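Trainee: After the structure tokens below, expect a handful of questions from me.
The values are calculated or read from the model by the stated rules, or taken from the named source; none is laboratory data. Keep in mind the model is a prediction, meaning the values are calculated, not measured. Neighbour counts run over all protein chains shown; Cβ positions are idealised from the backbone, glycine included. Accessible surface areas use protein heavy atoms only, side chains included; no ligands, DNA or RNA. Shrake-Rupley method; radii C 1.70, N 1.55, O 1.52, S 1.80 Å.
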Amino acid sequence: DSNASSVGESLNYKITGIDPGAGIMEATERAITDYELDEWDLVSGSSAAMTASLKKAYDAEEPIVITGWTPHWKFAEYDLKYLEDPKGSYGGEEEIHTIGRTGLQEDMPEAHQVLSNFNWTEDDMGEVMIAIKNGEKPEVAAQAWVDANPEKIATWTEGIEKVDGDKIKLAYVAWDSEIASTNVMSIVLTSLGYDVTMVQVEAGPMWTAIADGSADASLAGWLPLTHATYAEKFDGKFEDLGTSMTGVKIGLVVPAYMDITSIEDLKE
Ligand code: PBE
């Protein structure tokens, strides 16, 4: 209809994406094919650039289509909606998994146990994410959450013996959700005596680092769909340490004031 085509025209047929290696970018290329959005382009950038573009559009009540995911502070900050995805290009309910290098259990049984125990809720992560969004340094925001949640942390660390300065490397991507989780885990492992290094990389290098053992673990594995290509490519070369959060989601997201409800509405 005329509204839908004007959305494409008003946006120059651009979807505002994030870093090229993110699973949501691959899913969006699939959506462009599945929904025959031939005129549309997915523009890559970064999470920070995407949220800056979102703020700019939102403040001006202009249209924008972003690659979005939950949990993310943008849903607390703005009134947004997922576009319906009747063809299932973005899968269904996703989970966040902790992944470890082969041999981690033998080499660092204590860290392996904490990482396997790790799980928290969308609200927990939201507290850390929103504090960072509001200008707090990630390590300060994470420390505040750790200080406020000793009982939850005890469920991850109970009975685990302290170590004496063993080095451990956590790989992550600069997605807001994973900045929050990785900073929290860094503090927890440090409190158990580990010498923790956080390495910020792109998604492909992150999976590669776990598979080749140059990093020990990552809290940033999104499955079953988001990182399926990476998980298949490195099948047998990493250990899935389990789920840290369930019911997470990826998709196309627009401000609630936009007059469209489905990805199908992007097609003329
Ligand atoms: N994300 C956040 C990532 C996983 C975590 C949805 C942007 C991705 O698309 O790969």
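Trainee: Under a Cβ-only charge scheme (Lys and Arg +1, Asp and Glu -1), can you give me the dipole magnitude of the chain about the Cα centre, in debye to the nearest 20? Show your work: numbers first, answer last.
Mentor: Values: 18 positive and 49 negative charges, 106 e Å.
For the chain, the charge dipole is close to 500 debye.
Trainee: Also: Would you give the gap between the C-alpha center of segment 23-54 and the C-alpha center of segment 150-165, rounded to a whole Å?
Mentor: Here the two parts' Cα centres lie 40 Å apart.
Trainee: Here's something else I'd like to know. Given the protein chains as shown and a 1.4 Å probe, how many square angstrom of Met25 are accessible, to the nearest 10?
Mentor: Roughly 10 Å² of Met25 is accessible to a 1.4 Å probe.
Trainee: If you don't mind, there's one more thing I want to ask. So what are the three principal axis dimensions of segment 94-160 from its Cα atoms, in whole Å, longest to shortest?
Mentor: Between the extreme Cα coordinates on each principal axis of segment 94-160 lie 40, 26, 22 Å.
Trainee: Of the cross-linked pairs Lys74/Lys162; Lys81/Lys167; Lys162/Lys233; Lys14/Lys167; Lys74/Lys267; Lys55/Lys267, which ones have a Cα-Cα span greater than 32 Å in the structure shown? Present the calculation step by step, with values, prior to reporting the outcome.
Mentor: On the way: Lys74/Lys162 38 Å; Lys81/Lys167 42 Å; Lys162/Lys233 35 Å; Lys14/Lys167 44 Å; Lys74/Lys267 26 Å; Lys55/Lys267 25 Å.
Beyond 32 Å: Lys74/Lys162; Lys81/Lys167; Lys162/Lys233; Lys14/Lys167.
Trainee: Give me the orientation-averaged projected area of the Cα convex hull of segment 160-231, in nm², one decimal. Walk me through the intermediate numbers first.
Mentor: Values: hull surface 19.8 nm².
Taking the Cα atoms of segment 160-231, their convex hull projects to 5.0 nm² on average.
Trainee: Additional query: Using a 1.4 Å probe and ignoring any ligands, DNA or RNA, find the accessible area of Trp40 and quote it in Å² to the nearest 10.
Mentor: Ignoring ligands and nucleic acids, Trp40 comes out at about 10 Å².
Trainee: Mind listing the Cα extents of the chain along all three principal axes, in Å, largest one first?
Mentor: The Cα atoms of the chain stretch 65, 38, 25 Å along the principal axes, largest first.
Trainee: Still on this structure: Give the long-range amide H neighbours of Ser244: residues separated by 5 or more places, or on another chain, with amide H under 5 Å away, using H modelled in the peptide plane at 1.01 Å from N.
Mentor: Under 5 Å from the amide H of Ser244 lie the amide H atoms of Ile96, His97, Thr98, each far enough along the sequence or on another chain.
Trainee: Could you give the nm distance between label points at Glu122 and Glu202, where each point is 7 Å from its Cα heading toward the beta carbon?
Mentor: According to this spin-label approximation, the distance is 3.1 nm.
Trainee: Let me ask something else about it. Taking the Cα centre of segment 106-172 as origin, work out the dipole magnitude from +1 charges on Lys and Arg Cβ and -1 charges on Asp and Glu Cβ, in debye rounded to 20.
Mentor: Values: 6 positive and 15 negative charges, 59 e Å.
With Lys and Arg at +1 and Asp and Glu at -1, about 280 debye.
Trainee: Span-like helices, the chain: DSSP H, alpha-carbon axial extent 20 Å or more, mean Kyte-Doolittle 0.0 or greater, which ones? Display every interim value, and only then the final one.
Mentor: Values: long enough: 176-191 (23 Å, 0.61).
Those that clear 20 Å and a mean of 0.0 are 176-191.
Trainee: Here's a follow-up. What are the residues whose amide H is under 5 Å from the amide H of Ser262, where those residues sit 5 or more places off or on another chain and H is modelled from the backbone?
Mentor: Long-range HN contacts for Ser262: Glu84.
Trainee: Out of all Cα-Cα pairs in segment 1-144, roughly what percent, to the nearest whole number, are more than 23 Å apart?
Mentor: Working: 5072 of 10296 pairs.
Percent of Cα pairs beyond 23 Å in segment 1-144: 49.
Trainee: Right, another one. If I ignore ligands, DNA and RNA and count only protein heavy atoms, how much of Thr190 is accessible to a 1.4 Å probe, in Å² to the nearest 10?
Mentor: Number for this one is 70 Å².
Trainee: How far is it, in nm, from the label point at Asp79 to the one at Thr261 when both lie 7 Å from their Cα along the line to the Cβ?
Mentor: 1.7 nm
Trainee: Multiply the residue separation of Asp147 and Glu161 by 0.36 nm, subtract the distance between their alpha-carbon atoms, and state the gained length in nm to one decimal.
Mentor: On the way: separation 14, 0.36 × 14 = 5.04 nm, distance 2.01 nm.
Separation in residues times 0.36 nm, less the Cα-Cα distance, equals 3.0 nm.
Trainee: Go through segment 74-91 residue by residue and turn each phi into a ³J(HN,Hα) via Karplus (6.51, -1.76, 1.60, θ = phi - 60°); whole Hz please, and just put x for glycine and proline.
Mentor: These are the phi-based 3J(HN,Hα) values: 4, 6, 7, 7, 10, 8, 10, 9, 6, 6, 4, 10, x, 8, x, 4, 9, x Hz.
Trainee: Same structure again: Could you compute the FRET efficiency for Ala60 and Thr229, with r as their C-beta to C-beta distance and R0 at 51 Å, rounded to 0.05? Could you put the intermediate results ahead of the total?
Mentor: Working: r = 36 Å, r/R0 = 0.71.
Once the sixth-power term is evaluated, E becomes 0.90.
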